[in-house]
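Trainee: This is the structure I have questions about; it appears just below.
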Amino acid sequence: MSTDKVIIMFKDGVSQDQIKEYISQINNGGGEVTQTYGALIPGFAAKVTPDQLTTFQSLSGDIIASIEPDTVVTIQ
């Protein structure tokens, strides 16, 4: 099954309990959360399935602040 590596950031006001629930959904649904950022930065990095990505994209604007590709960034 193919996965996309993304960073999902939540809007202010989304509780850590809500974020933990989304982490569980990803891990139990064929994806894998690879990094959590703690209470100061509400979000995580994950490998998500196409269906999971579609689900999170549908939440953009409501509870999701942004979904970005998880890539290496370099400077010259």
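Computed from the coordinates by the stated procedures, all read-outs in this text should not be read as laboratory data. Since this is a predicted model, take the numbers as computed values, not measurements. Ideal geometry is used to build each Cβ from the backbone, glycine not excepted, and the neighbour counts take in all protein chains shown.
Trainee: Do any trypsin sites (Lys or Arg not before Pro) in the stretch 8-70 lie in a loop, going by DSSP, with at most 15 other beta-carbon atoms within 10 Å of their beta carbon, and if so which?
Mentor: Lys11
Trainee: Farthest toward the dipole's positive end in the chain, which of Asn27, Met9, Gln76, given Cβ charges of +1 (Lys, Arg) and -1 (Asp, Glu) about the Cα centre?
Mentor: Among Asn27, Met9, Gln76, the one farthest towards the positive end of the dipole of the chain is Gln76.
Trainee: May I ask you to evaluate 6.51 cos²θ - 1.76 cosθ + 1.60, the Karplus curve with θ = phi - 60°, for each residue of the stretch 57-66 and list the ³J(HN,Hα) values in order in whole Hz, giving x for glycine and proline?
Mentor: Those phi angles translate into 4, 5, 8, 4, x, 8, 10, 8, 7, 6 Hz.
Trainee: OK, next. How long is the gain from Ser60 to Asn27 if the chain were fully straight, where each residue apart is worth 0.36 nm and the alpha carbon distance is subtracted?
Mentor: Using 0.36 nm per residue and subtracting the Cα-Cα distance, I get 9.9 nm.
Trainee: For the chain, what is the calculated [θ] at 222 nm in deg cm²/dmol (nearest 500), taking -39500 (n - 2.57) for each run of four or more DSSP H residues and dividing by its residue count?
Mentor: -9000 deg cm²/dmol
Trainee: Under the Karplus relation 6.51 cos²θ - 1.76 cosθ + 1.60, θ = phi - 60°, what is the ordered set of whole-Hz ³J(HN,Hα) values for the stretch 19-32, x standing for Gly and Pro?
Mentor: These are the phi-based 3J(HN,Hα) values: 5, 4, 5, 5, 4, 4, 4, 5, 5, 8, x, x, x, 8 Hz.
Trainee: What is the stretch 1-41 by shape, rounded, prolate or oblate, if you read a ≥ b ≥ c off the alpha carbon gyration tensor as root eigenvalues and call it rounded for a/c under 1.5, prolate for a/b larger than b/c, and oblate otherwise?
Mentor: Because a/c hits 1.5 or more and a/b exceeds b/c, the stretch 1-41 counts as prolate.
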